[in-house]
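To start, the structure itself, in structure tokens.
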Amino acid sequence: MAGMLDPALTTIASSAVTDGLAAIDAASTLEALRSVDAELLGKAAPLSQLKASMRDVAPEQRKALGQAINEARTRLELAIADRHAELEAIARREQLAAEQLDLSEVIADRRVGHHHLITQTREMLEDAFVGLGFTVAEGPEVETDWYNFEALNMPAGHSARSMWDTLYLDAGEPETVLLRTHTSPVQVRTMMRQEPPIYIVAPGRSFRSDTADATHLPVFHQIEGLVVDKGITFADLAGTIEAFVKVLYGDDRTTRLRPSYFPFTEPSAEFDMTTATGEWVELGGCGMVNPNVLAHCGLDPEEWSGFAFGFGIERMAMQRHGLDDIREFVTNDIRFLSQF
Ligand code: FA5
């Protein structure tokens, strides 16, 4: 019958496909697949030879043979393309696995970092005061003249302003924006925001154009305390200081309150403590909140009274650890820092 393909030729074409698919499947690398490709589709391949033998085939069978050869080639080409994609994905995964860095190497001299001593001291102070029923408040480091001085009973030109060497910022009207010289403006912000009773501490950085020496830094930390309630007296202030000193230093240090002057407290005192060698060192100022400050913040001094304090955190850490030079906190010498 015209066009009916000789069964022997059909067998060659179909076994070329069966054998070819098995060889493609067995190729386990891209390189092996390339040689399988040449074997199955190159000049010496069974299908190519079958094609070459077309001229010997009866003319009426040529079309059917050509079609059978093309179908067989297409199946093999598709199978090779699929296997190629598979092998490429495997090779990529293997390459990524080989290039992965092992960062889990154990270093013999393993040094674990920790908080700076000032942060440790600040957290300890916060814990001590939270234990006494206080909450922790915050305020900005860049302040206005009003919060840093005026609301604290120091109007423009007040001589007490010279107690703090102020760093002004080049913003707005001259000498209206500054780096806070103490944490006391947080007192004002708290009283203006919150109705009494108020029991807060506000730790943070303070800035003064002080020259660094063994007990001074131009950037240092203070912790401010403020209590406003009904019937608060100087005895409450003294009792609070006594209580937190015990928490921080134990029972063997002596403390004293010495009369002093701050425009925002009346009466005012300086708080001193004995060093490990028995000398007195000043840790901060304190006193009863001046009625003018309560009034500036919208509180009635007839109804409310309170006390406030501001201590230097570096000075407290120095006392706790028997350090004699405050500059060591900022030189970042790892031999110093790693001791705490
Ligand atoms: C004040 O700053 C007042 N605001 C404290 C205060 C608050 C009084 C509330 C009353 C009521 P004084 O300038 O004395 O006060 O600073 C307080 C403490 O901050 C000092 O005793 C000291 O411990 C610390 N201190 C001050 N200047 C420096 C500095 N340059 N370097 C390190 N610590 C400092």
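Top to bottom by accessible area (1.4 Å), largest first, where do I334, I241, I12 land?
From most exposed to least exposed: I334, I12, I241.
Using a Gaussian network model of the chain with C-alpha springs under 10 Å, which one of T265, T211, T254 is most mobile by mean-square fluctuation?
So, out of T265, T211, T254, the one fluctuating most is T211.
Let me check I have the definition right: for the chain, take the eigenvalues of the Cα gyration tensor, multiply each by 5, take square roots. What are those semi-axes in whole Å, largest first?
After scaling each eigenvalue by five and taking roots: 91, 25, 18 Å.
Between R55, R256, R111, which gets the highest mean-square fluctuation from a Gaussian network model of the chain, Cα cutoff 10 Å?
With Cα springs under 10 Å in the chain, the top fluctuation among R55, R256, R111 is at R55.
Under a 10 Å cutoff between Cα atoms, tell me which one of E195, E141, E31 has the largest fluctuation in the Gaussian network model of the chain.
E31
I need the calculated FRET efficiency for the pair H84 and S14, taking r as the beta carbon distance and R₀ as 30 Å, to the nearest 0.05.
Efficiency, from the Cβ-Cβ distance: 0.80.
Give me the dipole magnitude in Debye, nearest 20, for the range 7-99 about the Cα centre, with unit charges on the beta carbon: positive for Lys and Arg, negative for Asp and Glu.
For the range 7-99, the charge dipole is close to 460 debye.
Using modelled amide H (1.01 Å from N, peptide plane; none on Pro or chain starts), what sits under 5 Å from the amide H of G287, excluding residues fewer than 5 places away?
Correct list: A269, A308.
Restricting attention to the range 210-305, which GluC sites (Glu not before Pro) occupy a DSSP loop and are surrounded by at most 11 other Cβ atoms within 10 Å?
Sites meeting the loop and neighbour criteria: E279, E302, E303.
Taking the Cα centre of the chain as origin and charging only Cβ (+1 Lys, Arg; -1 Asp, Glu), how large is the dipole, in debye to the nearest 20?
The dipole magnitude comes to about 1400 debye.
Which loop chymotrypsin sites (Phe, Trp or Tyr not before Pro) in the range 202-242, with loop taken from DSSP, have no more than 14 other Cβ atoms within 10 angstrom of their Cβ?
none
What are the GluC sites (Glu not before Pro) within the range 67-118 that DSSP puts in a loop, where the Cβ has at most 11 other Cβ atoms within 10 Å?
Listed in order of number, the matching sites are E105.
Under 5 Å between amide hydrogens, which residues at least 5 positions from D165 or on another chain qualify, with H placed 1.01 Å from N in the peptide plane?
The list, which skips near neighbours in sequence, is S209.
Distance from the Cα centre of the range 291-340 to that of the range 166-226, in angstrom?
Answer, in whole Å: 11.
Considering the zone a paramagnetic label at M163 would reach in this model (a point 7 Å from Cα along the Cα-to-Cβ line), which residues of the range 299-338 have amide N under 11 Å from it?
Those under the cut-off are 310.
Let me test this: with uniform point scatterers at the alpha carbons of the range 7-99, what is the Debye-based log₁₀ I(q)/I(0) at q = 0.13, 0.18 1/Å?
The Debye formula, applied to the Cα set alone, gives -0.49, -0.77.
Share of the range 117-337's accessible area from carbon and sulfur, percent, 1.4 Å?
About 51 percent, which is the carbon plus sulfur part of the accessible surface.
Carbon-plus-sulfur fraction of the accessible area of the range 1-110, 1.4 Å probe, in percent?
Exposed carbon and sulfur together represent 56 percent of the surface.
Restricting to Cα pairs below 8 Å that are 6+ residues apart, what does the relative contact order work out to for the chain? Please round to a whole percent.
Dividing the mean separation by the residue count of the chain yields 14 percent.
Per residue, what accessible area does the chain have, given a 1.4 Å probe and all protein chains present, in Å²?
Using a 1.4 Å probe on heavy atoms only, each residue of the chain averages 55 Å².
Would you work out which of T331, L50, G287 lies farthest towards the positive end of the dipole of the chain, given +1 charges on the beta-carbon of Lys and Arg and -1 on that of Asp and Glu, about the Cα centre?
Of the options given, the answer is L50.
The values are calculated or read from the model by the stated rules, or taken from the named source; none is laboratory data. As the structure is a computational prediction, the values presented were derived from the model and not from experiment. Positions of Cβ are backbone-derived with ideal geometry, glycine not excepted, and every protein chain shown enters the neighbour counts. Just so you know, the surface numbers come from the protein's heavy atoms only, side chains and all, with ligands and any DNA or RNA stripped out. Shrake-Rupley method; radii C 1.70, N 1.55, O 1.52, S 1.80 Å.
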